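First up is the structure itself, then whatever we jot down about it.
The values are calculated or read from the model by the stated rules, or taken from the named source; none is laboratory data. Since we're looking at a predicted model, the values are computed, not measured. Don't worry about glycine lacking a Cβ; one is built from the backbone with ideal geometry, like all the others, and counts go over all protein chains shown. SASA here: full protein model, heavy atoms, side chains in, ligands and nucleic acids out. Shrake-Rupley method; radii C 1.70, N 1.55, O 1.52, S 1.80 Å.
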Number of protein chains: 2
Amino acid sequence: MTKSADKNGKTRIQREKRKQILEAALDVFSQFGYRGSTIDQIAKAAGLSKPNLLYYFPSKDAIHAELLSGLMDSWLDPMRALNADGDPKEEILSYVRRKLQMSRDFPRESRLFANEIIQGAPRILPAIEGELRDLVAEKSAIIQGWINTGRIAPLDPQHLLFSIWSLTQHYADFEVQVRAIMPSEERVYPRAEEHLETLFTRMLSV
Amino acid sequence: MTKSADKNGKTRIQREKRKQILEAALDVFSQFGYRGSTIDQIAKAAGLSKPNLLYYFPSKDAIHAELLSGLMDSWLDPMRALNADGDPKEEILSYVRRKLQMSRDFPRESRLFANEIIQGAPRILPAIEGELRDLVAEKSAIIQGWINTGRIAPLDPQHLLFSIWSLTQHYADFEVQVRAIMPSEERVYPRAEEHLETLFTRMLSV
DNA sequence: GTCTATACAAAGATAGAC
DNA sequence: GTCTATCTTTGTATAGAC
């Protein structure tokens, strides 16, 4: 036994190369979108030749699909953590903070999704209509419960979730614009966090 | 005088054809992004052949550039209307309403910009660093003035503007996602307006 | 596993007939 | 002004040597 392949038939080397390619592909796809990106660009970014890259992935589409499906899960984690038994205001504020951290720490992932959704979500509509939709229904119910018992001020729960997404993702998706307007401001995120904390505190107070 | 060309050397027919092409191009570019769109697609959408379209515009790039520059101006109108002498809370709420109307009435334009900015604003960075930046500086100063005189609750004015943009544009840019989550809800915009009105009223109250 | 060479298709743009 | 035909470039993907 010289190759010690795992159950998927992949050697360690193969798994590492694939990871390295996905990392480069994330760089490229998140900036130029699917159609705007070329295999050559990705290969160059990964330090490989084009045919060599295609030895590890069957096609450009396969790379993109794997990126998207791999991300969908972790992308929803901050929302999954919203806990019905916690303190309502603190739960929502924590969610906002986690989501803002995602924008700060994973801006490329955010832009990959944004590109996909703006262009009509051709590749992830099923996941949106499934997983995401169910999760939103579940968490909306929790929020509505908090409103009904008077623990937070009344608000449309679904639109509240949209507000959280848009306010936080904006800093990743429109980063170029934010930076163009605040070029001297290196502390964008600490300021943003403060701002959103103020905003949601006022929004939720009965 | 048979052709009655205007000062730009364009006949009426030419202006109308160009308009018709731009309309089709907006459809296509806003959905697929610059690279994802083809001249063929645009030509077909405009009811023309590819070479015929290229009789009216020198290149794909020229069409895209004209769309963007033509839109930049009207896109900033809602912000320009923010009036230092009006009632602060009403001024900001009106701005939010105007911006939400833009998302409702011109979602393609919103997505055209979003595509451009997410991808690093390769073609409109100068306008963002110029016009937009200046306008933000001017309006931030007005908002700061309102805060200083205690007419609205304290907030970071620049981040407040970002919040207004993100909350309103979300309904156009992520329309597919919104619709996937609220498929039965045909009254998205009236609800959104109510929600944002509530949100900003609480946010600005001293 | 990695490379060079190449097949093949799509897309931007032009030539020239009508 | 509009069309058919064509040129050229770019980009996806494969063949086959090493």
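Details
- Highest mean packing first, where packing is the average number of other Cβ atoms within 10 Å per residue, the peptides B:60-67, B:113-120 line up as B:113-120, B:60-67.
- Buried solvent-accessible surface, both chains (B, A), 1.4 Å probe, Å² to nearest 100: 4900 Å²
- Accessible surface for region A:57-97, divided over its residues, is 41 Å² per residue with a 1.4 Å probe.
- Mean per-residue shielding of peptide B:24-36 is 3, counting Cβ atoms of other chains within 10 Å of each Cβ.
- Prolate/oblate/rounded call for the protein assembly as shown, Cα gyration tensor, a/c under 1.5 rounded: oblate
- For chain A, the carbon plus sulfur part of the accessible surface works out to 50%, probe radius 1.4 Å.
- Placing pseudo-labels 7 Å out from each Cα toward the beta carbon at B:A62 and B:E23 gives an inter-label distance of 2.1 nm.
- Partner shielding of A:152-162 amounts to 5, given as the average count of beta-carbon atoms from other chains within 10 Å of each residue beta-carbon.
- Across all Cα pairs in region A:4-157, the calculated P(r) in 10 Å bins from zero up to the longest distance comes to 10, 31, 28, 18, 9, 3, 0 percent per bin.
- When the Cα positions of B:Q31, B:G150, B:L53 are compared along the charge dipole of the protein assembly as shown, B:L53 comes out farthest toward the positive end, with charges on each C-beta of Lys, Arg, Asp and Glu.
- Members of B:K99/B:K139; A:K99/B:K99; A:K19/A:K50 lying beyond 20 Å, as alpha-carbon distances in this model show: A:K99/B:K99
- Shielding by partners for peptide A:112-124, expressed as the average number of C-beta atoms from other protein chains within 10 Å of each residue's C-beta, is 5.
- Amide N proximity, region B:166-206 versus A:R133 label position 7 Å along Cα-to-Cβ, cut-off under 14 Å: B:176-186
- For chain A, the relative contact order is 21 percent, taking Cα pairs closer than 8 Å that sit 6 or more residues apart in sequence and dividing their mean separation by the residue count.
- Environment charge of B:Q20, counting only residues whose C-beta is closer than 14 Å and scoring Lys/Arg +1, Asp/Glu -1: +3
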